[in-house]
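Heads up, the thing below is written out as C-alpha coordinates.
The values are calculated or read from the model by the stated rules, or taken from the named source; none is laboratory data. As the structure is a computational prediction, the values presented were derived from the model and not from experiment. Cβ sites come from the backbone with ideal geometry, for glycine too, and all protein chains shown count toward neighbours.
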Amino acid sequence: MYPNPFEYHRAGSVEEAISLLQELGEDAKLIAGGHSLLPTMKLRLANPAHLIDITGIAGLDHVTDKGDYIEIGALTRHVTLLKDPIIAAKAPLLALIANEVGDRQIRARGTIGGVVAHADPAADYPAGLVALEAEVVTLGPGGETVTPIDDFLISIYTTTLGPDEVVTAVRVPVQPEGTGVAYEKLANQASGYAIIGVAAVVSPGAVKIGLTGLSDRAFRAREAEMSLAGATLDLASIKAATRGITAGVEVYGDIHASEAYRRRVADGLAARAVAKAAGLS
Amino acid sequence: MKTSITINGAAYAADVEPRTLLVQFLRDNANLIGTHTGCETSQCGACTVLLDGEPVKSCTVLAVQADGHAVTTVEGLAPAGFLHPVQAAFWEKGGLQCGYCTAGMLNAVVSLLQENPNPTDDEIRHGLEGNICRCTGYQGIVDSVRLAAEKIAAGGAFEPVKA
Ligand SMILES: Cc1cc2nc3c(=O)[nH]c(=O)nc-3n(C[C@H](O)[C@H](O)[C@H](O)COP(=O)(O)OP(=O)(O)OC[C@H]3O[C@@H](n4cnc5c(N)ncnc54)[C@H](O)[C@@H]3O)c2cc1C
Ligand code: FES
Ligand code: FES
(Lines give C-alpha, C1' and ligand atoms only; values in the text may rest on other atoms or scores of the structure.)
(Ligands and ions follow the chains in the order given, each with its own letter.)
Protein backbone atom coordinates (compact mmCIF):
# COMPACT_ATOMS: atom_id res chain seq x y z
CA MET A 1 0.00 0.00 0.00
CA TYR A 2 1.71 3.15 -1.16
CA PRO A 3 0.68 6.70 -2.04
CA ASN A 4 0.16 8.17 -5.47
CA PRO A 5 3.38 9.53 -6.98
CA PHE A 6 4.53 12.95 -5.85
CA GLU A 7 7.59 15.14 -6.07
CA TYR A 8 9.65 15.46 -2.92
CA HIS A 9 11.33 18.66 -1.77
CA ARG A 10 13.47 19.36 1.27
CA ALA A 11 13.13 22.76 2.92
CA GLY A 12 16.28 23.97 4.64
CA SER A 13 14.55 26.82 6.45
CA VAL A 14 11.04 28.00 7.32
CA GLU A 15 11.44 30.79 4.73
CA GLU A 16 12.29 28.21 2.08
CA ALA A 17 9.26 26.13 3.05
CA ILE A 18 7.05 29.22 2.69
CA SER A 19 8.43 30.10 -0.75
CA LEU A 20 8.05 26.47 -1.90
CA LEU A 21 4.42 26.53 -0.70
CA GLN A 22 3.86 29.75 -2.67
CA GLU A 23 5.61 28.45 -5.76
CA LEU A 24 3.98 25.00 -5.83
CA GLY A 25 0.50 26.16 -4.87
CA GLU A 26 -2.32 24.15 -3.43
CA ASP A 27 -1.01 20.81 -4.74
CA ALA A 28 1.81 21.00 -2.21
CA LYS A 29 1.76 19.83 1.40
CA LEU A 30 4.27 20.05 4.20
CA ILE A 31 5.36 16.78 5.77
CA ALA A 32 6.74 16.52 9.30
CA GLY A 33 6.44 13.15 11.09
CA GLY A 34 4.09 11.97 8.36
CA HIS A 35 1.98 10.02 10.84
CA SER A 36 -1.26 11.71 9.93
CA LEU A 37 -0.40 12.55 6.34
CA LEU A 38 1.11 9.28 5.06
CA PRO A 39 -1.74 7.03 6.26
CA THR A 40 -4.18 9.37 4.49
CA MET A 41 -2.04 9.37 1.35
CA LYS A 42 -1.76 5.57 1.36
CA LEU A 43 -5.55 5.37 1.44
CA ARG A 44 -5.47 7.89 -1.45
CA LEU A 45 -7.69 10.23 0.54
CA ALA A 46 -5.01 12.88 0.06
CA ASN A 47 -3.01 13.03 -3.16
CA PRO A 48 -0.63 15.98 -2.99
CA ALA A 49 1.57 16.41 -6.08
CA HIS A 50 4.39 17.81 -3.96
CA LEU A 51 5.61 17.07 -0.46
CA ILE A 52 7.82 19.60 1.27
CA ASP A 53 9.79 17.92 4.03
CA ILE A 54 10.39 20.27 6.96
CA THR A 55 12.10 17.77 9.27
CA GLY A 56 15.56 18.98 8.23
CA ILE A 57 14.90 22.56 9.34
CA ALA A 58 17.24 23.46 12.21
CA GLY A 59 15.84 25.20 15.26
CA LEU A 60 12.29 23.84 15.18
CA ASP A 61 12.95 20.95 17.55
CA HIS A 62 13.29 22.49 20.98
CA VAL A 63 11.63 22.97 24.35
CA THR A 64 12.56 26.36 25.82
CA ASP A 65 11.67 27.91 29.17
CA LYS A 66 10.71 31.53 28.42
CA GLY A 67 9.71 32.40 31.98
CA ASP A 68 5.95 32.96 31.69
CA TYR A 69 5.56 30.28 29.07
CA ILE A 70 7.25 27.23 27.59
CA GLU A 71 7.95 27.37 23.88
CA ILE A 72 7.80 24.05 22.05
CA GLY A 73 9.23 23.99 18.53
CA ALA A 74 6.89 22.57 15.87
CA LEU A 75 9.16 19.61 15.12
CA THR A 76 9.24 18.46 18.75
CA ARG A 77 8.11 14.84 18.80
CA HIS A 78 5.76 13.17 21.26
CA VAL A 79 8.63 11.13 22.73
CA THR A 80 10.49 14.35 23.57
CA LEU A 81 7.46 15.79 25.38
CA LEU A 82 7.26 12.56 27.33
CA LYS A 83 10.86 12.79 28.53
CA ASP A 84 11.82 16.47 28.54
CA PRO A 85 12.70 17.82 32.03
CA ILE A 86 11.30 21.32 31.30
CA ILE A 87 7.97 19.81 30.25
CA ALA A 88 7.98 17.59 33.35
CA ALA A 89 8.55 20.59 35.62
CA LYS A 90 6.57 23.34 33.89
CA ALA A 91 3.96 21.73 31.62
CA PRO A 92 3.49 18.19 32.98
CA LEU A 93 0.02 17.88 31.42
CA LEU A 94 1.67 17.57 28.01
CA ALA A 95 3.81 14.66 29.20
CA LEU A 96 0.68 12.92 30.56
CA ILE A 97 -1.00 13.40 27.20
CA ALA A 98 2.06 12.35 25.17
CA ASN A 99 2.05 9.07 27.06
CA GLU A 100 -1.48 8.41 25.75
CA VAL A 101 -0.75 9.16 22.09
CA GLY A 102 -0.68 6.08 19.88
CA ASP A 103 2.24 3.87 20.87
CA ARG A 104 6.03 4.16 21.19
CA GLN A 105 6.52 3.97 17.42
CA ILE A 106 3.98 6.74 16.76
CA ARG A 107 5.51 8.84 19.53
CA ALA A 108 8.95 8.53 17.91
CA ARG A 109 7.72 10.20 14.69
CA GLY A 110 4.71 12.45 15.28
CA THR A 111 5.27 16.13 16.03
CA ILE A 112 3.34 18.76 18.01
CA GLY A 113 3.33 21.05 14.96
CA GLY A 114 1.73 18.29 12.90
CA VAL A 115 -0.89 17.74 15.59
CA VAL A 116 -2.07 21.35 15.72
CA ALA A 117 -1.87 21.89 11.94
CA HIS A 118 -3.79 18.70 11.22
CA ALA A 119 -6.58 19.52 13.72
CA ASP A 120 -7.84 15.96 13.96
CA PRO A 121 -10.93 16.12 16.20
CA ALA A 122 -9.84 12.84 17.86
CA ALA A 123 -6.29 14.01 18.63
CA ASP A 124 -5.32 14.08 22.30
CA TYR A 125 -3.25 17.26 22.74
CA PRO A 126 -5.96 19.78 21.82
CA ALA A 127 -7.83 18.97 25.07
CA GLY A 128 -4.74 19.97 27.04
CA LEU A 129 -3.80 22.88 24.81
CA VAL A 130 -7.22 24.55 25.16
CA ALA A 131 -7.22 23.97 28.93
CA LEU A 132 -3.71 25.46 29.24
CA GLU A 133 -4.66 28.38 26.95
CA ALA A 134 -1.74 27.62 24.65
CA GLU A 135 -0.87 29.75 21.62
CA VAL A 136 0.19 28.67 18.14
CA VAL A 137 3.04 30.56 16.48
CA THR A 138 2.98 30.60 12.69
CA LEU A 139 5.23 32.19 10.09
CA GLY A 140 3.98 33.25 6.69
CA PRO A 141 4.81 35.74 3.96
CA GLY A 142 3.32 38.49 6.15
CA GLY A 143 5.49 37.63 9.15
CA GLU A 144 4.83 35.95 12.46
CA THR A 145 1.37 35.47 13.96
CA VAL A 146 0.57 34.25 17.47
CA THR A 147 -2.95 32.83 17.80
CA PRO A 148 -4.68 31.42 20.89
CA ILE A 149 -5.37 27.73 20.26
CA ASP A 150 -9.09 28.33 20.88
CA ASP A 151 -9.16 30.69 17.87
CA PHE A 152 -6.69 28.63 15.81
CA LEU A 153 -8.87 25.49 15.81
CA ILE A 154 -11.92 26.03 13.64
CA SER A 155 -13.40 22.64 12.87
CA ILE A 156 -12.52 19.14 11.70
CA TYR A 157 -9.12 19.36 9.93
CA THR A 158 -9.62 23.12 9.69
CA THR A 159 -7.58 25.88 11.34
CA THR A 160 -6.75 29.51 10.67
CA LEU A 161 -3.42 28.40 9.16
CA GLY A 162 -2.99 30.01 5.73
CA PRO A 163 -1.97 27.93 2.68
CA ASP A 164 1.52 29.43 2.70
CA GLU A 165 2.06 29.45 6.46
CA VAL A 166 4.12 27.16 8.66
CA VAL A 167 3.51 26.39 12.33
CA THR A 168 6.82 27.14 14.03
CA ALA A 169 5.97 26.65 17.70
CA VAL A 170 3.37 26.14 20.39
CA ARG A 171 3.53 28.30 23.51
CA VAL A 172 2.20 26.95 26.77
CA PRO A 173 1.70 29.35 29.70
CA VAL A 174 3.32 28.17 32.94
CA GLN A 175 0.59 27.52 35.51
CA PRO A 176 0.63 29.04 38.99
CA GLU A 177 2.32 27.30 41.90
CA GLY A 178 0.12 24.54 43.34
CA THR A 179 -1.57 23.63 40.05
CA GLY A 180 -2.58 20.02 39.56
CA VAL A 181 -3.24 18.44 36.16
CA ALA A 182 -4.78 15.26 34.82
CA TYR A 183 -5.75 13.66 31.51
CA GLU A 184 -8.43 10.98 31.26
CA LYS A 185 -9.05 9.16 28.00
CA LEU A 186 -11.36 6.60 26.53
CA ALA A 187 -9.25 5.28 23.65
CA ASN A 188 -10.38 3.68 20.46
CA GLN A 189 -8.91 0.22 20.99
CA ALA A 190 -7.90 -0.18 17.34
CA SER A 191 -6.39 3.17 16.47
CA GLY A 192 -5.50 4.50 19.92
CA TYR A 193 -7.09 7.85 19.14
CA ALA A 194 -9.38 9.51 21.71
CA ILE A 195 -13.06 8.65 21.59
CA ILE A 196 -13.15 11.03 24.53
CA GLY A 197 -10.24 12.87 26.13
CA VAL A 198 -10.57 15.23 29.09
CA ALA A 199 -7.78 17.44 30.42
CA ALA A 200 -8.15 19.18 33.76
CA VAL A 201 -6.01 21.99 35.16
CA VAL A 202 -6.81 22.83 38.79
CA SER A 203 -5.09 25.92 40.17
CA PRO A 204 -5.77 27.77 43.42
CA GLY A 205 -9.14 29.42 42.72
CA ALA A 206 -9.50 28.27 39.10
CA VAL A 207 -10.40 25.11 37.22
CA LYS A 208 -9.96 24.67 33.47
CA ILE A 209 -11.33 21.71 31.55
CA GLY A 210 -10.64 20.85 27.90
CA LEU A 211 -12.39 18.09 25.97
CA THR A 212 -11.50 16.35 22.71
CA GLY A 213 -12.91 13.55 20.55
CA LEU A 214 -16.52 14.53 21.11
CA SER A 215 -17.21 17.04 18.40
CA ASP A 216 -15.63 18.80 15.43
CA ARG A 217 -12.93 20.38 17.60
CA ALA A 218 -11.62 20.50 21.15
CA PHE A 219 -13.48 22.84 23.47
CA ARG A 220 -13.53 24.25 27.00
CA ALA A 221 -16.28 23.37 29.47
CA ARG A 222 -16.74 26.94 30.63
CA GLU A 223 -19.92 26.48 32.64
CA ALA A 224 -18.45 23.68 34.71
CA GLU A 225 -15.27 25.71 35.12
CA MET A 226 -17.23 28.67 36.46
CA SER A 227 -19.22 26.66 38.91
CA LEU A 228 -16.01 25.08 40.25
CA ALA A 229 -13.97 28.31 40.42
CA GLY A 230 -13.38 29.17 44.04
CA ALA A 231 -15.64 26.35 45.23
CA THR A 232 -14.54 23.79 47.78
CA LEU A 233 -13.55 20.87 45.60
CA ASP A 234 -14.82 17.55 46.82
CA LEU A 235 -16.15 14.56 44.94
CA ALA A 236 -19.76 15.71 45.30
CA SER A 237 -19.19 19.27 44.07
CA ILE A 238 -17.06 18.03 41.17
CA LYS A 239 -19.64 15.45 40.18
CA ALA A 240 -22.43 18.01 40.27
CA ALA A 241 -20.48 20.55 38.24
CA THR A 242 -19.40 18.11 35.54
CA ARG A 243 -22.83 16.54 35.04
CA GLY A 244 -24.03 17.44 31.54
CA ILE A 245 -20.58 18.75 30.63
CA THR A 246 -21.32 18.51 26.90
CA ALA A 247 -24.62 20.43 27.12
CA GLY A 248 -24.92 22.89 24.27
CA VAL A 249 -22.19 21.17 22.24
CA GLU A 250 -22.97 19.17 19.11
CA VAL A 251 -21.57 15.71 19.93
CA TYR A 252 -20.78 13.03 17.33
CA GLY A 253 -22.16 9.54 17.33
CA ASP A 254 -20.43 6.91 15.21
CA ILE A 255 -19.72 3.17 15.05
CA HIS A 256 -17.35 3.47 18.01
CA ALA A 257 -19.71 5.25 20.40
CA SER A 258 -23.18 6.71 20.15
CA GLU A 259 -23.84 10.34 20.95
CA ALA A 260 -25.67 9.44 24.18
CA TYR A 261 -22.83 7.18 25.31
CA ARG A 262 -20.23 9.84 24.56
CA ARG A 263 -22.13 12.48 26.56
CA ARG A 264 -22.57 10.12 29.51
CA VAL A 265 -18.96 8.93 29.61
CA ALA A 266 -17.65 12.47 29.12
CA ASP A 267 -19.36 13.45 32.39
CA GLY A 268 -17.65 10.64 34.24
CA LEU A 269 -14.23 11.20 32.73
CA ALA A 270 -14.46 14.94 33.40
CA ALA A 271 -15.31 14.30 37.07
CA ARG A 272 -12.43 11.86 37.32
CA ALA A 273 -9.97 14.25 35.64
CA VAL A 274 -10.89 17.19 37.87
CA ALA A 275 -10.77 15.02 41.00
CA LYS A 276 -7.34 13.72 40.05
CA ALA A 277 -6.01 17.18 39.23
CA ALA A 278 -7.36 18.38 42.58
CA GLY A 279 -5.49 15.58 44.32
CA LEU A 280 -8.67 13.85 45.45
CA SER A 281 -7.99 10.46 43.84
CA MET B 1 15.62 10.07 -5.97
CA LYS B 2 19.07 9.03 -4.73
CA THR B 3 18.67 7.65 -1.24
CA SER B 4 21.39 6.31 1.00
CA ILE B 5 20.60 4.56 4.25
CA THR B 6 22.99 2.80 6.60
CA ILE B 7 21.35 -0.54 7.24
CA ASN B 8 22.77 -2.77 9.97
CA GLY B 9 26.04 -0.86 9.74
CA ALA B 10 26.49 -1.02 5.95
CA ALA B 11 25.68 1.88 3.62
CA TYR B 12 23.02 1.05 1.06
CA ALA B 13 22.16 3.43 -1.81
CA ALA B 14 19.43 3.22 -4.41
CA ASP B 15 17.54 5.51 -6.73
CA VAL B 16 13.91 5.26 -5.64
CA GLU B 17 10.59 6.96 -6.25
CA PRO B 18 9.84 9.44 -3.43
CA ARG B 19 6.72 7.45 -2.56
CA THR B 20 8.81 4.37 -1.70
CA LEU B 21 8.19 3.42 1.91
CA LEU B 22 11.10 2.53 4.14
CA VAL B 23 9.80 -1.04 4.46
CA GLN B 24 9.80 -1.41 0.67
CA PHE B 25 13.33 -0.03 0.50
CA LEU B 26 14.44 -2.60 3.07
CA ARG B 27 12.65 -5.55 1.47
CA ASP B 28 12.75 -4.77 -2.25
CA ASN B 29 15.90 -2.71 -2.67
CA ALA B 30 18.13 -4.02 0.13
CA ASN B 31 16.67 -7.53 -0.05
CA LEU B 32 16.28 -7.74 3.71
CA ILE B 33 13.01 -9.63 3.95
CA GLY B 34 13.10 -10.25 7.70
CA THR B 35 11.00 -7.10 8.13
CA HIS B 36 7.36 -7.96 7.52
CA THR B 37 4.33 -5.93 6.62
CA GLY B 38 1.03 -6.87 8.19
CA CYS B 39 -1.59 -4.14 8.09
CA GLU B 40 0.36 -1.54 6.10
CA THR B 41 -1.79 1.05 7.89
CA SER B 42 0.47 1.89 10.85
CA GLN B 43 -1.46 -0.28 13.31
CA CYS B 44 0.18 -3.70 13.72
CA GLY B 45 3.88 -2.98 14.24
CA ALA B 46 5.09 -6.01 12.23
CA CYS B 47 7.23 -3.61 10.18
CA THR B 48 8.94 -2.05 13.23
CA VAL B 49 12.63 -1.29 12.73
CA LEU B 50 15.03 0.96 14.62
CA LEU B 51 15.68 4.33 12.97
CA ASP B 52 18.66 5.98 14.65
CA GLY B 53 17.96 3.62 17.53
CA GLU B 54 14.28 4.52 17.91
CA PRO B 55 11.40 2.19 17.04
CA VAL B 56 9.39 3.23 13.97
CA LYS B 57 6.79 1.60 11.79
CA SER B 58 8.68 1.38 8.52
CA CYS B 59 5.42 1.26 6.52
CA THR B 60 4.78 4.83 7.66
CA VAL B 61 8.17 6.39 6.95
CA LEU B 62 9.25 7.46 3.47
CA ALA B 63 12.58 5.96 2.43
CA VAL B 64 13.67 9.46 1.35
CA GLN B 65 13.00 10.65 4.92
CA ALA B 66 15.48 8.04 6.18
CA ASP B 67 18.16 9.26 3.76
CA GLY B 68 21.43 9.73 5.65
CA HIS B 69 20.10 7.91 8.71
CA ALA B 70 20.84 4.52 10.27
CA VAL B 71 18.38 1.62 10.36
CA THR B 72 18.59 -1.64 12.29
CA THR B 73 16.45 -4.55 11.09
CA VAL B 74 16.03 -7.98 12.66
CA GLU B 75 18.93 -9.21 10.50
CA GLY B 76 21.21 -6.73 12.27
CA LEU B 77 20.39 -7.57 15.88
CA ALA B 78 23.13 -10.22 16.17
CA PRO B 79 26.00 -11.53 14.02
CA ALA B 80 25.24 -14.55 11.79
CA GLY B 81 25.01 -17.73 13.82
CA PHE B 82 24.18 -15.87 17.03
CA LEU B 83 21.08 -14.63 18.80
CA HIS B 84 20.64 -11.26 20.48
CA PRO B 85 19.66 -11.83 24.16
CA VAL B 86 16.13 -10.66 23.31
CA GLN B 87 15.94 -13.27 20.53
CA ALA B 88 17.32 -15.96 22.86
CA ALA B 89 14.71 -15.03 25.49
CA PHE B 90 11.88 -15.25 22.94
CA TRP B 91 13.17 -18.69 21.93
CA GLU B 92 13.30 -19.91 25.54
CA LYS B 93 10.00 -18.46 26.77
CA GLY B 94 7.77 -19.09 23.78
CA GLY B 95 7.57 -15.45 22.75
CA LEU B 96 6.43 -16.50 19.29
CA GLN B 97 4.31 -19.03 17.50
CA CYS B 98 3.87 -18.29 13.79
CA GLY B 99 6.59 -15.63 13.92
CA TYR B 100 4.84 -13.11 11.74
CA CYS B 101 4.96 -10.33 14.33
CA THR B 102 8.33 -11.35 15.72
CA ALA B 103 10.80 -9.22 13.76
CA GLY B 104 8.89 -6.08 14.67
CA MET B 105 8.32 -7.27 18.23
CA LEU B 106 12.05 -7.93 18.76
CA ASN B 107 13.01 -4.44 17.61
CA ALA B 108 10.33 -2.91 19.80
CA VAL B 109 11.60 -4.91 22.79
CA VAL B 110 15.26 -4.07 22.14
CA SER B 111 14.44 -0.35 22.21
CA LEU B 112 12.06 -0.69 25.16
CA LEU B 113 14.76 -2.35 27.28
CA GLN B 114 17.29 0.30 26.27
CA GLU B 115 14.91 2.93 27.57
CA ASN B 116 13.74 1.00 30.61
CA PRO B 117 16.11 -1.88 31.51
CA ASN B 118 13.84 -3.28 34.21
CA PRO B 119 10.21 -2.77 33.21
CA THR B 120 7.20 -3.98 35.18
CA ASP B 121 4.65 -6.18 33.40
CA ASP B 122 2.41 -3.12 32.96
CA GLU B 123 5.27 -1.13 31.47
CA ILE B 124 6.02 -4.00 29.10
CA ARG B 125 2.41 -4.16 27.94
CA HIS B 126 2.12 -0.38 27.57
CA GLY B 127 5.50 -0.28 25.79
CA LEU B 128 4.43 -2.91 23.27
CA GLU B 129 1.01 -1.41 22.51
CA GLY B 130 2.14 -0.72 18.97
CA ASN B 131 2.81 -4.39 18.21
CA ILE B 132 -0.03 -6.79 17.62
CA CYS B 133 0.44 -10.56 17.99
CA ARG B 134 -2.37 -12.81 16.85
CA CYS B 135 -0.90 -16.03 18.26
CA THR B 136 0.69 -15.88 21.67
CA GLY B 137 -1.90 -14.01 23.71
CA TYR B 138 1.05 -11.84 24.79
CA GLN B 139 1.83 -13.68 28.04
CA GLY B 140 4.73 -15.52 26.40
CA ILE B 141 5.99 -12.22 25.09
CA VAL B 142 5.82 -10.55 28.50
CA ASP B 143 7.70 -13.52 29.99
CA SER B 144 10.29 -13.25 27.22
CA VAL B 145 10.84 -9.55 27.85
CA ARG B 146 11.39 -10.22 31.55
CA LEU B 147 13.95 -12.91 30.76
CA ALA B 148 15.59 -10.66 28.17
CA ALA B 149 15.94 -7.93 30.81
CA GLU B 150 17.69 -10.43 33.09
CA LYS B 151 19.99 -11.59 30.31
CA ILE B 152 20.94 -8.03 29.43
CA ALA B 153 21.49 -7.13 33.10
CA ALA B 154 23.84 -10.12 33.30
CA GLY B 155 25.99 -8.81 30.44
CA GLY B 156 23.78 -9.42 27.44
CA ALA B 157 26.20 -11.57 25.45
CA PHE B 158 25.12 -12.93 22.06
CA GLU B 159 24.19 -16.61 22.29
CA PRO B 160 24.83 -19.24 19.64
CA VAL B 161 21.74 -20.09 17.56
CA LYS B 162 19.85 -22.87 19.34
CA ALA B 163 19.27 -26.18 17.67
C1 LIG C 1 -1.54 4.34 14.26
C2 LIG C 1 -1.61 5.77 14.71
C3 LIG C 1 -2.14 6.06 15.95
C4 LIG C 1 -2.23 7.37 16.39
N5 LIG C 1 -2.78 7.60 17.60
C6 LIG C 1 -2.93 8.86 18.02
C7 LIG C 1 -3.51 9.13 19.29
O8 LIG C 1 -3.86 8.23 20.06
N9 LIG C 1 -3.68 10.43 19.64
C10 LIG C 1 -3.27 11.45 18.85
O11 LIG C 1 -3.43 12.60 19.22
N12 LIG C 1 -2.67 11.24 17.67
C13 LIG C 1 -2.50 9.97 17.23
N14 LIG C 1 -1.90 9.74 16.03
C15 LIG C 1 -1.48 10.89 15.19
C16 LIG C 1 -0.07 11.31 15.51
O17 LIG C 1 -0.02 11.95 16.74
C18 LIG C 1 0.47 12.23 14.40
O19 LIG C 1 1.83 12.13 14.48
C20 LIG C 1 0.14 13.69 14.50
O21 LIG C 1 -1.24 13.88 14.56
C22 LIG C 1 0.62 14.49 13.31
O23 LIG C 1 1.97 14.81 13.44
P24 LIG C 1 2.98 14.55 12.25
O25 LIG C 1 4.24 15.27 12.57
O26 LIG C 1 3.08 13.11 11.99
O27 LIG C 1 2.25 15.33 11.03
P28 LIG C 1 2.22 15.01 9.46
O29 LIG C 1 1.50 13.77 9.20
O30 LIG C 1 3.58 15.16 8.89
O31 LIG C 1 1.34 16.26 8.99
C32 LIG C 1 -0.03 16.35 9.30
C33 LIG C 1 -0.61 17.61 8.64
O34 LIG C 1 -0.09 18.77 9.24
C35 LIG C 1 0.65 19.56 8.30
N36 LIG C 1 1.85 20.01 9.01
C37 LIG C 1 2.75 19.25 9.67
N38 LIG C 1 3.66 20.03 10.30
C39 LIG C 1 3.32 21.31 10.01
C40 LIG C 1 3.87 22.58 10.37
N41 LIG C 1 4.96 22.70 11.17
N42 LIG C 1 3.28 23.70 9.89
C43 LIG C 1 2.16 23.62 9.10
N44 LIG C 1 1.60 22.45 8.73
C45 LIG C 1 2.18 21.31 9.18
C46 LIG C 1 0.93 18.64 7.13
O47 LIG C 1 0.99 19.37 5.92
C48 LIG C 1 -0.27 17.72 7.16
O49 LIG C 1 -1.35 18.32 6.51
C50 LIG C 1 -1.78 8.44 15.57
C51 LIG C 1 -1.21 8.15 14.33
C52 LIG C 1 -1.12 6.85 13.89
C53 LIG C 1 -0.50 6.56 12.56
S1 FES D 1 2.68 -3.08 8.49
FE2 FES D 1 3.45 -1.30 9.39
S3 FES D 1 2.29 -1.16 11.17
FE4 FES D 1 1.39 -2.87 10.21
S1 FES E 1 3.59 -15.15 16.72
FE2 FES E 1 2.02 -15.19 15.24
S3 FES E 1 1.41 -13.11 15.23
FE4 FES E 1 2.76 -13.15 16.86
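In this structure, B:A78 does satisfy being in contact with a Phe, Trp or Tyr (Cβ under 6 Å, 6 or more places away or on another chain) and within 30 Å of B:D28 (Cβ to Cβ).
B:I33 passes every criterion in (1) more than 9 Å from chain A (Cβ to nearest Cβ); (2) assigned to a helix (DSSP H, G or I) apart from (2). Among the residues of segment A:29-47, none qualifies, meaning not one is more than 26 Å from B:Q43 (Cα to Cα) and either within 12 Å of chain B (Cβ to nearest Cβ) or not aliphatic (A, V, I, L, M) (or both). The set of residues in segment B:110-140 that are β-branched (V, I, T) and within 16 Å of ligand 2 (Cβ to nearest atom) contains only B:I132.
Among the residues of segment A:216-233, those identified as touching a helix residue (DSSP H, G or I) at 6+ places or on another chain (Cβ under 9 Å) and outside any helix (DSSP H, G or I) are A:R217, A:A218, A:F219, A:R220, A:A221, A:A231, A:L233. Which of the residues belonging to segment B:59-98 are within 16 Å of ligand 1 (Cβ to nearest atom), within 20 Å of B:Q114 (Cβ to Cβ) and not in a loop (DSSP other than H, G, I, E, B)? Result: B:A66, single match. Residues of segment A:52-93 that are aliphatic (A, V, I, L, M) and touching a Leu at 6+ places or on another chain (Cβ under 8 Å): A:I52, A:I54, A:I57, A:L60, A:V63, A:I72, A:A74, A:L75, A:L81, A:I87, A:A91, A:L93. Can you tell me which residue within segment A:207-241, out of those that are among the hydroxyl-bearing types (S, T, Y) and over 22 Å from the mean Cα position of the chain (by Cα), is nearest to A:T179 (Cα to Cα)? Of everything passing the filter in segment A:207-241, A:T232 is nearest to A:T179 (Cα to Cα). The C-beta contact set for segment B:21-39 (first residue more than 19 Å from B:L106 (Cα to Cα) and within 16 Å of ligand 1 (Cβ to nearest atom), second residue part of a loop (DSSP other than H, G, I, E, B) and at pLDDT 95 or above, distance under 8 angstrom, 6+ apart or interchain) comprises B:L21/B:V61. Yes or no: segment B:53-68 includes at least one residue that is within 16 Å of ligand 3 (Cβ to nearest atom), in contact (Cβ under 8 Å) with a residue 12 or more places away in the chain, surrounded by 24 or more Cβ atoms within 10 Å (Cβ to Cβ) and within 10 Å of the chain's Cα centre (by Cα). Checked against the condition, which is being within 16 Å of ligand 3 (Cβ to nearest atom), in contact (Cβ under 8 Å) with a residue 12 or more places away in the chain, surrounded by 24 or more Cβ atoms within 10 Å (Cβ to Cβ) and within 10 Å of the chain's Cα centre (by Cα), segment B:53-68 yields at least one hit.
Of the residues making up segment B:99-111, those that are closer than 14 Å to B:C47 by Cα, among the small types (G, A, S) and not in a loop (DSSP other than H, G, I, E, B) are B:A103, B:G104, B:A108.
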